[in-house]
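The structure appears below as structure tokens.
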Amino acid sequence: MRNDSQALVSVIVPIYNVEKYLDQCLDSIEAQTHRNIEVLCINDGSTDGSRAIMAAHAEKDPRVRVIDKENGGYGQGCNRGLSVAKGEWVSIIEPDDWIDPTMYEDMLAFASSFDETIDIVKTPWTDICDWDNPKKQHPHRCSMKGKIQTSERPFTLSENPLLIEHHPSIWSAIYRRGFLEEKKIRFPEYPGAGWADNPFLVETMCQAEAIVYLDHAYYNYRRDLPGSTRHHKTAEAVERPFDRWDDMLDIIERLGITDERILAGHYVRGFNYAHGARYDDGMKNPLVVKRVHEMVAKMDPGIVERSERISPFNKKFFAEQRGLPYGKSRLAYLMEELRFSLRTEGPLFVLESAFNHFTGRYMPED
């Protein structure tokens, strides 16, 4: 048994113009029952009142440090935090979210319960839906909760590729800083938000030799509002999901990963992005059509066919996009899709999906 329970945790908070939510975020970090933390507020050139809020927190709590920089985007802000972090563990918290008080205490105690040196402690999270309306705001269990059992031993990604299928959720985890340094893992520095968390997810999960999963949600994530991502105004925004999928595939290939379970997990994420883009910007949008075609062309048909993690719906979608035959009858296809959903998602998810379909309520994909 190791003694990680007293370790210093470096909490990196990349901040740009989030004055409405920043107090709640920083209050939740400062209220952690694990007191040995440093809070690195990376002010990414905020032009609203965020800087004053950071300063107020730093004045009352010596563990809070404000680091000012010119605006350079989410990835650059996280990298600045990593460059000055001193903790044995690193946590990244988004400034419009908040965490439960025992998050670090419980995660560190869990890491300490293993003899091995742990690289990543991963947990699920709670989606906060309709957060713009206090009367409608409500928590919703995330798509990962209950899908992986709390670890009895450390594992690698090939044993649980589900970790790269869902929302990147890099903030519902802590990372051993020595692991990040040894593997030279940093964020790509895209402009703005840029989805820099996607490549970071793959870099960390693919290279970690000891991951543990604690199936308890501590992180409260303000989920995209229904319809908020629709009808992007620029080509860059339309193509961003596909660009990030390509970036993650480049990492997988650079690392020499050939494990079919990991590749299938990455394919699942690609299908999710394709369906999201078709919903957001139209299935006939020329850019969407082009990028979906290019993406599926990079997938191995054999892996798609053999994988139990790829749904019948996505196998059929893949075949249609590649011009390949798909021989199942409609009834056989529907029954296979139902069995897949019950096995992978559970009856509650199936019933909720049916309700959302028939009522016309749209629940954004994780």
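The values are calculated or read from the model by the stated rules, or taken from the named source; none is laboratory data. Since we're looking at a predicted model, the values are computed, not measured. Glycine also receives a Cβ, built like all others from the backbone with ideal geometry; neighbour counts cover every protein chain displayed.
Brief remarks on what is shown
- Pairs where the first residue, in segment 113-135, is in the same structural domain as residue 87 (by TED's automatic domain parsing) and the second is small (Gly, Ala, Ser) and modelled with pLDDT under 95, C-beta under 9 Å, 6+ apart: 124/143; 124/146; 127/143
Residue-wise test of (1) assigned to a helix (DSSP H, G or I); (2) more than 29 Å from residue 15 (Cβ to Cβ); (3) in contact (Cβ under 8 Å) with a residue 12 or more places away in the chain.
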| residue | (1), (2), (3) |
| --- | --- |
| 230 | no, no, yes |
| 244 | yes, no, yes |
| 252 | yes, yes, yes |
| 256 | no, yes, no |
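- Any chance residue 188 is more than 27 Å from residue 113 (Cβ to Cβ), assigned by TED's automatic domain parsing to the domain that holds residue 125, assigned to a loop (DSSP other than H, G, I, E, B) and at pLDDT 95 or above: yes
- Any hit, segment 319-328, residues being under 26 Å from the mean Cα position of the chain (by Cα) and assigned to a helix (DSSP H, G or I): no
- Residue 98 more than 18 Å from the chain's Cα centre (by Cα) and surrounded by 21 or more Cβ atoms within 10 Å (Cβ to Cβ): no
- Residue 50 surrounded by 19 or more Cβ atoms within 10 Å (Cβ to Cβ) and either free of Cβ contacts under 8 Å to residues at least 24 places away in the same chain or under 25 Å from residue 127 (Cα atoms) (or both): yes
This table checks each residue for (1) closer than 29 Å to residue 195 by Cβ; (2) assigned by TED's automatic domain parsing to the domain that holds residue 195.
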| position | (1), (2) |
| --- | --- |
| 4 | no, no |
| 23 | yes, yes |
| 55 | no, yes |
| 67 | yes, yes |
| 74 | yes, yes |
| 81 | yes, yes |
| 86 | yes, yes |
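- The test for being in a loop (DSSP other than H, G, I, E, B), on the phi > 0 side of the Ramachandran plot and among the hydrophobic types (A, V, I, L, M, F, W, C) does not hold for residue 131.
- Single residue of segment 87-99 satisfying the filter (in contact with a strand residue (DSSP E or B) (Cβ under 6 Å, 6 or more places away or on another chain) and assigned to a loop (DSSP other than H, G, I, E, B)) that is nearest to residue 122 (Cα to Cα): 93
- The condition of being within 25 Å of residue 216 (Cβ to Cβ), outside the structural domain of residue 255 (by TED's automatic domain parsing), of a type in the set (A, V, I, L, M, F, W, C) and at pLDDT below 95 does not hold for residue 103.
- Tally of residues being buried (at least 16 other Cβ atoms within 10 Å of the Cβ) and either at pLDDT below 95 or over 15 Å from residue 198 (Cβ atoms) (or both) across segment 242-258: 1
- Test: residue 217 is within 26 Å of residue 35 (Cβ to Cβ), in a helix (DSSP H, G or I) and modelled with pLDDT of 95 or more: no
- Long-range neighbours under 9 Å by Cβ, at least six apart or interchain, first residue free of Cβ contacts under 8 Å to residues at least 60 places away in the same chain and in the same structural domain as residue 269 (by TED's automatic domain parsing) within segment 284-310, second of a type in the set (S, T, N, Q) and surrounded by 13 or more Cβ atoms within 10 Å (Cβ to Cβ): 292/321; 293/321; 295/321; 296/321; 297/321; 304/314; 308/344
- Residue match in segment 147-166 (condition: in contact (Cβ under 8 Å) with a residue 12 or more places away in the chain and at positive phi): no
Residue-wise test of (1) aliphatic (A, V, I, L, M); (2) surrounded by fewer than 22 Cβ atoms within 10 Å (Cβ to Cβ); (3) assigned to a strand (DSSP E or B).
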{"residue": "104", "(1), (2), (3)": "no, no, no"}
{"residue": "108", "(1), (2), (3)": "yes, no, no"}
{"residue": "111", "(1), (2), (3)": "yes, no, no"}
{"residue": "127", "(1), (2), (3)": "no, no, yes"}
{"residue": "179", "(1), (2), (3)": "no, yes, no"}
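- Yes/no for residue 141 being without any contact (Cβ under 8 Å) to a residue 40 or more places away in the chain and charged (D, E, K, R): no
- Within segment 229-240, if we keep just the residues that are at pLDDT below 90 and either more than 18 Å from the chain's Cα centre (by Cα) or within 30 Å of residue 104 (Cβ to Cβ) (or both), the residue that is surrounded by the fewest Cβ atoms within 10 Å (Cβ to Cβ) turns out to be 233.
- Residue match in segment 198-210 (condition: free of Cβ contacts under 8 Å to residues at least 12 places away in the same chain and either surrounded by fewer than 19 Cβ atoms within 10 Å (Cβ to Cβ) or not in a loop (DSSP other than H, G, I, E, B) (or both)): no
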